[in-house]
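All remarks here apply to the structure that follows.
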Amino acid sequence: MAGSEHPRIALITSGVYPVGEYFSSLPGAPVGIIDWSDNDTNRSSWLHTNKLKNTLHARLRKRRFATLQHLCTFHNLLYASVYKRDAEKLCATLQEWDCDLVITSRCSFIPSAGLPDLRLGAINMHPSWLPDYRGGNPILWHIVDNQKSLATSIHRLTDEYDKGAVLAQKRIARPHGASSAELAELTEKVLGRELLSSVIESLNANPEMRGVEQPQKSPTRYAYAKTADALANETTLNEFSAQTLWDLIHYFGFCPAQWLALSGWRKKLIWLPAELIQHDLNAKTSPWSIRAGKTGITLYNNQASIVLKPQYSSLVSLLRSK
């Protein structure tokens with residue numbers, strides 16, 4: 001039996017991401033966004049909410065919205081901040097909003113106890129071709145493993161992380177030299193918007209839609225969330241091809257200091273990707289060498305040269321003059 005023409009939908013996420021920006025335009029009746037937060041506002045002071053930091057960060061990066069609350073106000077959506085261990089408050093909020101469907105994206109694990117009995121259930125948007133790359137940061141491991149494509153999957157939310165039945169998924173070619181924000185635009189906005197719209201309409205027409213069950217075991221590594229420093233502490237330059245290294249540096253936005261083995265004032269600067277000069281990408285990769293010049297650093301082997309420039313060039317000039 002067909003469902004309501006306008007199912008009431010809530011989004012649960014943990015920051016201002018692409019899905020939040022187009023959430024209000026999804027089919028049905030998007031009601032509000034819940035910030036599934038790491039901060040227990042009942043026990044923390046306002047200094048721990050990071051609102052000032054987020055606002056300054058958004059202004060510096062010329063982002064449209066500084067916080068989820070700001071985004072919700074602009075789109076006339078309800079807003080609630082729920083501590084990630086407060087399943088009771090989450091459940092009460094969704095009941096108060098009278099939701100038919102919950103969408104989750106970019107947030108930590110949500111227990112089933114935090115979800116009321118929803119007519120259309122709960123779904124999650126995951127940036128991989130499930131069952132590949134389950135975990136918190138699939139895009140990073142697509143780059144590390146030199147995967148040629150990216151993907152987005154919409155699956156049922158269960159008590160097993162990223163293992164619910166897949167309702168829809170789609171692939172897209174992975175561009176080289178893209179930032180984490182640009183890759184998120186591809187998976188969450190280009191693919192995610194299309195898939196979510198399709199799944200919402202399908203679920204509303206058929207609330208019992210089961211999807212395709214996933215195997216228990218994934219064929220790929222688990223996609224642990226890693227910072228640039230954490231990855232660099234566990235790897236060396238020589239583990240990566242020229243193209244993969246270039247893509248990783250662009251993904252993080254800078255080259256981790258651990259890979260450069262720098263000392264003195266150079267170690268304190270942020271080194272940004274400037275140029276990739278390809279020599280012979282078909283050649284057997286030789287170990288990377290590092291050359292520090294007057295205006296930058298070059299990583300080179302028989303495949304390619306990667307030129308890095310300091311972010312604070314004026315500071316470099318000042319230090320050299322002393």
Inset, instruction - State whether the residues of region 291-301 include one that is exposed (fewer than 12 other Cβ atoms within 10 Å of the Cβ), among the charged types (D, E, K, R) and assigned to a loop (DSSP other than H, G, I, E, B). - result: yes
Legend entry - Candidates Glu182, Glu208, Glu239 - the one that is free of Cβ contacts under 8 Å to residues at least 24 places away in the same chain, under 21 Å from Leu11 (Cα atoms) and loosely packed, with under 14 Cβ neighbours inside 10 Å: Glu208
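So which of Leu272, Leu231, Leu245 is outside any loop (DSSP other than H, G, I, E, B), of a type outside the set (Ser, Thr, Tyr) and either within 26 Å of Cys107 (Cβ to Cβ) or free of Cβ contacts under 8 Å to residues at least 24 places away in the same chain (or both)?
Residue meeting the stated conditions: Leu231.
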Legend entry - Only one of Ala122, Ala113, Ala92 that is of a type outside the set (Asp, Glu) and outside any helix (DSSP H, G or I): Ala122
Legend entry - region 165-196, residues that are over 29 Å from Ser241 (Cα atoms) and out of contact with any helix residue (DSSP H, G or I) (no Cβ under 9 Å at 6 or more places or on another chain): Ala165, Val166, Glu194, Leu195
Legend entry - Those residues of region 78-111 which are at pLDDT 95 or above and touching a Cys at 6+ places or on another chain (Cβ under 8 Å), in sequence order: Leu78, Tyr79
Inset, instruction - Return a yes/no flag: does region 248-255 have any residue that is buried (at least 18 other Cβ atoms within 10 Å of the Cβ) and part of a loop (DSSP other than H, G, I, E, B). - result: yes
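The values are calculated or read from the model by the stated rules, or taken from the named source; none is laboratory data. Predicted model, so just to flag it, every value in this text is computed and none were measured. Cβ coordinates were reconstructed from backbone atoms using ideal geometry, including for glycine residues, and neighbour counts include every protein chain displayed.
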